[in-house]
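The values are calculated or read from the model by the stated rules, or taken from the named source; none is laboratory data. In this text the structure is predicted, and so the values were computed from the model without any measurement. Positions of Cβ are backbone-derived with ideal geometry, glycine not excepted, and every protein chain shown enters the neighbour counts.
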Ligand SMILES: Cc1cc2nc3c(=O)[nH]c(=O)nc-3n(C[C@H](O)[C@H](O)[C@H](O)COP(=O)(O)OP(=O)(O)OC[C@H]3O[C@@H](n4cnc5c(N)ncnc54)[C@H](O)[C@@H]3O)c2cc1C
């Protein structure tokens, strides 16, 4: 394999081999090549059907390590991939790449007076919740607290509870420390570098490696929420109730639903084991009586097989979706919807309902709106403002099951095409979504994409950070 003319990528190299030897001297964390013990663990991802096999991995132990790794990649002309928890690795292999893993960057500091939190790039939301929960403060966390703070926030950051009232997580970022493609360590605020600040937040991973980030947290000690699971056979009346309810909801209430074909495993509560169910999710910033009143038409539409709606401490936000936490082989696709009308509902039931033959484990639709549609005080490149709904479909299982699921995802995507909206959130793209520059341009919209591409030419002219939903440098 050739990088700028020097042969440095063979899998039989050791860290002392020509090419990567200077890395060992320059970084404190591990430097691992494909034959090294620990390489496989360092390259792990949440999607077991997408192993990463980069030429070299740097387990960054500090911002200095990240900068040294980026400078090394720059010298050798290598693309750089970044992984924290590994939920959204875009390339199946990344064989010619240098992978920087950030999970050792473990700083967390909470300033409860200023209501801000500063974290290193290896921190997950679950770790933040453990700190903020003690003082009744809440970050704009997503449905799955086990995902990384930085990847989530750079991709927008859509909360199943706070988003409609407060906007995206990216809208509340105050400060970032980032290593850009030239190896420089930059402190970025809206006031000091409005263009780079704008591009980093929404341009996910395209503009550098964010090593630390500071964001606002909010006084939300408790909420009302959880899930209502219904028999899959009852999905039509329940979805009709959901469809009628959703447009009338205030910004303090957020809801989504998911059609699930669940495995028969002890980790699930008894009524859900091996079951075909409709899972309605609800989060409400208010008391239980008010929340129960809002949920009333849903509870009345059919008899839930499981009802977990309750008042809870904010740290239990993961109970709204109860997303899976274990790595598994997956195929996925996500796109935005311009409406969820009676006709959309009919098609959705036809594609995923009891008579559909749908093998997918999870097909969800999230309702957005409210503050998610408003530009924040410190502008950013988040592309989904004005998008009313998003959908995401997931299949899992053996290679044969994955092939069937993949074919079905194609059917779902084609079936929902009449309602597809152009501007989607990058966090809800799978590795296979938006593969071409035209797709990424459609996702951001032509004007936003042109600004991103112009900034990419300034900050990453060689497109070092291209192992993502890539924004190409403008010509
Ligand atoms: C079960 C589940 C539920 C989810 N729910 C939500 C949700 O409710 N709302 C929402 O907005 N998203 C949601 N997501 C998407 C999730 O936020 C993103 O996939 C996020 O990137 C996952 O974090 P990670 O640490 O696993 O990222 P990784 O897979 O480790 O990284 C993904 C990408 O993020 C970028 N990146 C990561 N770290 C850095 C860094 N330090 N500097 C620069 N770029 C970086 C890179 O491009 C990288 O390829 C969900 C994902 C899952 C798996």
Got a sec? Which of 412, 449 is over 18 Å from the mean Cα position of the chain (by Cα), surrounded by 20 or more Cβ atoms within 10 Å (Cβ to Cβ) and within 22 Å of residue 171 (Cα to Cα)?
449
It is to be established whether one or more residues within region 210-218 are part of a loop (DSSP other than H, G, I, E, B), in contact (Cβ under 8 Å) with a residue 40 or more places away in the chain, in contact with a strand residue (DSSP E or B) (Cβ under 6 Å, 6 or more places away or on another chain) and within 12 Å of the ligand (Cβ to nearest atom).
no
Out of all the residues in region 277-299, which are touching a helix residue (DSSP H, G or I) at 6+ places or on another chain (Cβ under 7 Å) and surrounded by fewer than 16 Cβ atoms within 10 Å (Cβ to Cβ)?
297
Pull out all pairs, ordered by first then second residue, where Cβ-Cβ is under 6 Å, the residues are six or more apart or on different chains, the first lies in region 244-266 and is within 16 Å of residue 371 (Cβ to Cβ), and the second is assigned to a loop (DSSP other than H, G, I, E, B).
252/285; 252/286; 254/160; 254/161
Conditions (1) within 16 Å of the ligand (Cβ to nearest atom); (2) touching a strand residue (DSSP E or B) at 6+ places or on another chain (Cβ under 9 Å); (3) not in a loop (DSSP other than H, G, I, E, B); number of the one not met by residue 322:
(3)
Mind checking which residues of region 368-402 are assigned to a strand (DSSP E or B) and surrounded by fewer than 23 Cβ atoms within 10 Å (Cβ to Cβ)?
389, 390, 392, 394, 396
State whether one or more residues within region 75-93 are more than 9 Å from the ligand (Cβ to nearest atom) and closer than 20 Å to residue 174 by Cα.
no
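Each row is one residue, and each column tells you yes or no for (1) more than 30 Å from residue 114 (Cα to Cα); (2) under 24 Å from the mean Cα position of the chain (by Cα).
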| site | (1), (2) |
| --- | --- |
| 235 | yes, no |
| 249 | yes, no |
| 253 | no, yes |
| 274 | yes, no |
| 283 | no, yes |
| 286 | no, no |
| 289 | yes, no |
| 303 | yes, no |
All conditions in (1) over 21 Å from residue 211 (Cβ atoms); (2) away from the ligand (no atom under 11 Å from the Cβ); (3) surrounded by fewer than 23 Cβ atoms within 10 Å (Cβ to Cβ) are true of residue 55 except (3)
Which condition number in (1) assigned to a loop (DSSP other than H, G, I, E, B); (2) more than 15 Å from the ligand (Cβ to nearest atom); (3) at pLDDT 95 or above is the one that residue 105 fails?
(2)
Taking residue 446 as the residue in question, decide whether it is without any contact (Cβ under 8 Å) to a residue 60 or more places away in the chain and within 16 Å of the ligand (Cβ to nearest atom).
no
Hey, residue 77 hits all of (1) crowded, with 17+ Cβ neighbours inside 10 Å; (2) touching a strand residue (DSSP E or B) at 6+ places or on another chain (Cβ under 7 Å); (3) not assigned by TED's automatic domain parsing to the domain that holds residue 201 but one; which does it fall short on?
(1)
Subset of region 57-92 [part of a strand (DSSP E or B) and in contact (Cβ under 8 Å) with a residue 60 or more places away in the chain]:
80, 81, 82
